[in-house]
Amino acid sequence: MAISPKCDKCGQELKEFGGILLSPPEGRVVEKFHLCKDCYREIHRELKQN
């Protein structure tokens, strides 16, 4: 990967593609968060429980 972003949840460098979490828009602004695969799975599991 040419750019090495870090997971916004755990802080680890992404070694492979993970997930992206987008915030609800505030006006015309949306926040974008990068997630590693493990953190994505954790958030996905939490969302499925609700």
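A few comments on the model shown:
- Accessible area per residue for the chain is 90 Å², calculated with a 1.4 Å probe on protein heavy atoms, without ligands, DNA or RNA.
- Taking one quarter of the surface of the convex hull spanned by the alpha-carbon atoms of the chain gives a direction-averaged projected area of 4.2 nm².
- Amide H contacts under 5 Å for Leu14, placed H, 5+ residues apart: Lys6, Cys7
- Inter-label distance, nm, simple model (7 Å from Cα along the C-beta direction), Lys32/Ile3: 0.6
The values are calculated or read from the model by the stated rules, or taken from the named source; none is laboratory data. Everything numeric in this text was worked out from a predicted model, so none of it was measured. Counting neighbours? That spans all protein chains shown, and the Cβs are built from the backbone with ideal geometry, glycine included. When the accessible area is computed, the model is the full protein with side chains, heavy atoms only, and any ligands, DNA or RNA have been set aside. Shrake-Rupley method; radii C 1.70, N 1.55, O 1.52, S 1.80 Å.
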